[in-house]
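Here's the structure we're looking at; comments come further down.
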Amino acid sequence: MLKDKLKFFAESYAAHKKAFTFVAIGSLMGAGLGLLSPMLIRHVMDELLPHGLSSEMILTAGALLTIYAANYFLNYKVEVIGRGMGAKIEFAMREKLFRHLLRMGYSFYDNAQSGQLLSRLVNDIAEVGGLMFAIPHLLITCSITMLGSVALLFYLNWQLAIVVTALLIFKTWQTFRLNRDMKKMFMQARENTGDLSGQIAESLQGIRLVKVFSNVDKELDKMLRAGEQLLTVQKNSFKTVGKLHGGIDFFSNVMNLTIIILGGALISLGQMRISDLVAFLLYMMLCMRPVFQLMMLTEIYQRGMAGVERYRELMNLPESSELSAERVAKLETASEIEFSHVNFGYEGSAQIFNDFNLSIAAGEHVGIVGMTGGGKTTLCELLLGMYDLDGGTISINGRDIKTVKTDSLRREVGMIQQDTFLFSASVKDNIAYGREDATDDEIIEAAKLAEAHEFISALPNGYNTFIGERGVKLSGGQKQRLAIARMFLRNPKILILDEATSALDNETERQIQRAMQKLSENRTTITVAHRLATVRSANRILVLEHGNITEEGTHENLMARRGVYYNLSTNTAA
């Protein structure tokens, strides 16, 4: 565990050697300069004040002012460069984690909570930046200041120095005891913050459903419960932090009072000069400051390390097998599909496909129908390589898709899903997501093919109209048509339409069907549908039940059998 932490810090600082070196040297010099002034003040009180104002006193005052100015400059530069280094490390961690999350497999997102992921990306990593600056700065400053001050305390008066050292050791021991409790509390607070973020995000994403069902109070209650759990943990952590911070003034006052009383006694006995006591008190304050700073570092460290551990927890998860180095092949052409002895089930769930076999010829249009949960969408996602098979192979033109580079596979196999997702951007940007190098003319042509050009042109800013988060400013049919336009632009060799026209009215659906018919020419097409009218023109229709093909044929053949397809068709018509 310690080895992993040290490796993390070493790798983080290695990318910022110059900044780290400056912070280390600047902190060292600043601490060294801070040790000079009490001795100069002692010199003034002993040697210069008794003789009144003199040139030496003015020179000494100038030296002190120079030390203070140099210290100010060093502290300023160390803060700016050090905190900048921390911010850059924070940014790099966030970029690395986001990249890692984008490369995770679909199975990870089946169980992940978006609020927790967002909390780790934003809140947890935000605590790390301050920690990365505090570690070199405070450790070096505190170490030099404390060691130098203690040495000078013993030089000034060893009896009082022993008392101060004993009190400092006691306070340090108390701090480390509190440190253990703080670590657990901050980790729990991070978890609860993620839960709260997830709850709020979910409520806001489903705000229309919330309002339609008049469940505002219910969502508020769910948020309050999550918030109260976080508040309970925070209250306990505040008590611990309060013990840490609240003891600072008390400890400082007790130290000052103790040394003043004992020092006064030594002065009255002639064993100590007033100038020595003043210098001793100044060095004692210098010595106490790093103790208090280390107490603050303890809190910063625990907050930061809670974020680091949650960050590393995600980074240690394996990325999707779709990024495997074994995937070296490219699909030069894509048309013929073969599912051979396929076995698959979602993690923690029953098998969906057992020894499943299916061949789809080049240029064939295959329709897949069946009741919900029969495996229709899963079959399409397997063809896209979104999940690893438990057994068997899926081949395109005789090549196992496990050996094909993912970007090559998904350029040649396109899918329009049931749930249309649009980005918070312009209409043009959303269509161009299918092919980012597309020209304006190509984007407009794709929209025309999807029967979307007319409504887009009527928008306030046409193709440059901002459509809001998830396309909130558009109707369901309009959003679906943009998704279809996106796929027209993509122009894959194999096309998967997963309930692609389910959100369209009858007239628009007829228009889209004509466009889809044209798009399907000279390419292999798989259409998944509940509305059987969308697959009537397919070369072959499959009825999929519980991962098995129970019926197969043309629309006319299947209707003549009066089996499952016939019942689905008549029920839909009714």
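Condition check: surrounded by fewer than 18 Cβ atoms within 10 Å (Cβ to Cβ) and part of a helix (DSSP H, G or I). Does PHE91 satisfy that? Criteria met by PHE91. Here PHE91 meets the list (1) within 30 Å of LEU282 (Cβ to Cβ); (2) free of Cβ contacts under 8 Å to residues at least 40 places away in the same chain; (3) touching a Gly at 6+ places or on another chain (Cβ under 9 Å) almost entirely, failing just condition (1). Looking at THR524, THR570, THR550 in this structure, which one is at pLDDT 75 or above, within 23 Å of ASN357 (Cα to Cα) and either surrounded by fewer than 20 Cβ atoms within 10 Å (Cβ to Cβ) or in contact with a helix residue (DSSP H, G or I) (Cβ under 7 Å, 6 or more places away or on another chain) (or both)? It is THR550. Considering only residues in region 70-80 that are of a type in the set (A, V, I, L, M, F, W, C) and surrounded by fewer than 18 Cβ atoms within 10 Å (Cβ to Cβ), the one that is farthest from the chain's Cα centre (by Cα) turns out to be ALA70.
If the condition is being in a helix (DSSP H, G or I), within 17 Å of MET516 (Cα to Cα) and not basic (Lys, Arg), then region 445-486 contributes GLU445, ALA446, ALA447, LEU449, HIS453, GLY477, GLN478, GLN480, LEU482, ALA483, ILE484, ALA485.
One residue stands out in region 410-431 among those that are closer than 25 Å to GLN513 by Cβ and touching a strand residue (DSSP E or B) at 6+ places or on another chain (Cβ under 9 Å): the one that is surrounded by the most Cβ atoms within 10 Å (Cβ to Cβ), namely VAL427. Of the numbered criteria (1) over 19 Å from SER143 (Cα atoms); (2) modelled with pLDDT under 90, the one LYS17 fails is (2).
Scan region 224-232 and give yes if some residue there is over 34 Å from the mean Cα position of the chain (by Cα), in a helix (DSSP H, G or I) and in the same structural domain as TRP158 (by TED's automatic domain parsing), otherwise no. Scanning region 224-232, I find no residue that is over 34 Å from the mean Cα position of the chain (by Cα), in a helix (DSSP H, G or I) and in the same structural domain as TRP158 (by TED's automatic domain parsing), so the answer is no.
Residues that are in contact with a Phe, Trp or Tyr (Cβ under 8 Å, 6 or more places away or on another chain) number at least 2 in the following strands (runs of 3 or more DSSP E) confined to region 514-574: 540-545, 548-553. Selection of first residues in region 358-387 that are surrounded by fewer than 16 Cβ atoms within 10 Å (Cβ to Cβ) and of second residues that are basic (Lys, Arg), restricted to Cβ pairs under 8 Å at least 6 apart or on distinct chains, gives the following pairs, ordered by first then second residue: GLY363/ARG523. When ARG99, ARG83, ARG42 are checked against the criterion of being assigned to a helix (DSSP H, G or I), modelled with pLDDT of 85 or more, of a type in the set (Lys, Arg) and farther than 27 Å from GLY198 by Cβ, a single residue qualifies: ARG83. Is region 398-407 home to any residue that is assigned to a strand (DSSP E or B) and free of Cβ contacts under 8 Å to residues at least 12 places away in the same chain? Taking every residue of region 398-407 in turn, at least one turns out to be assigned to a strand (DSSP E or B) and free of Cβ contacts under 8 Å to residues at least 12 places away in the same chain.
Residues of region 151-164 that are among the β-branched types (Val, Ile, Thr) and either at pLDDT 85 or above or not assigned by TED's automatic domain parsing to the domain that holds THR258 (or both): ILE162, VAL163. Selection of region 401-447 for residues being more than 29 Å from the chain's Cα centre (by Cα) and either among the small types (Gly, Ala, Ser) or within 22 Å of VAL472 (Cα to Cα) (or both) yields ALA438, ILE443, ILE444, ALA446, ALA447. For LEU65, state whether it is under 18 Å from ILE140 (Cα atoms) and either of a type in the set (A, V, I, L, M) or more than 17 Å from the chain's Cα centre (by Cα) (or both). No; evaluated as a whole, the condition is false for this residue. Annotation: ILE169 fulfils all but one of (1) in contact with a helix residue (DSSP H, G or I) (Cβ under 7 Å, 6 or more places away or on another chain); (2) surrounded by fewer than 20 Cβ atoms within 10 Å (Cβ to Cβ); (3) within 20 Å of LEU297 (Cα to Cα); the unmet one is (1). Taking THR420 as the residue in question, decide whether it is closer than 17 Å to LEU489 by Cα, without any contact (Cβ under 8 Å) to a residue 40 or more places away in the chain and in the same structural domain as LEU358 (by TED's automatic domain parsing). Taking the combined requirement at face value, the residue does not satisfy it.
Of the residues screened, ASP110 is one that is surrounded by fewer than 18 Cβ atoms within 10 Å (Cβ to Cβ), of a type outside the set (Ser, Thr, Tyr) and either at negative phi or not in a helix (DSSP H, G or I) (or both). Residue under question is GLY86, and the condition is that it be within 14 Å of VAL23 (Cα to Cα), in contact (Cβ under 8 Å) with a residue 12 or more places away in the chain, of a type in the set (Gly, Ala, Ser) and surrounded by 18 or more Cβ atoms within 10 Å (Cβ to Cβ); does it hold? Spelling it out, GLY86 is indeed within 14 Å of VAL23 (Cα to Cα), in contact (Cβ under 8 Å) with a residue 12 or more places away in the chain, of a type in the set (Gly, Ala, Ser) and surrounded by 18 or more Cβ atoms within 10 Å (Cβ to Cβ).
The values are calculated or read from the model by the stated rules, or taken from the named source; none is laboratory data. Quick caveat, the model's predicted, so the values are computed rather than measured. So basically every Cβ, Gly included, is an ideal-geometry build from the backbone, and we count neighbours across all protein chains shown.
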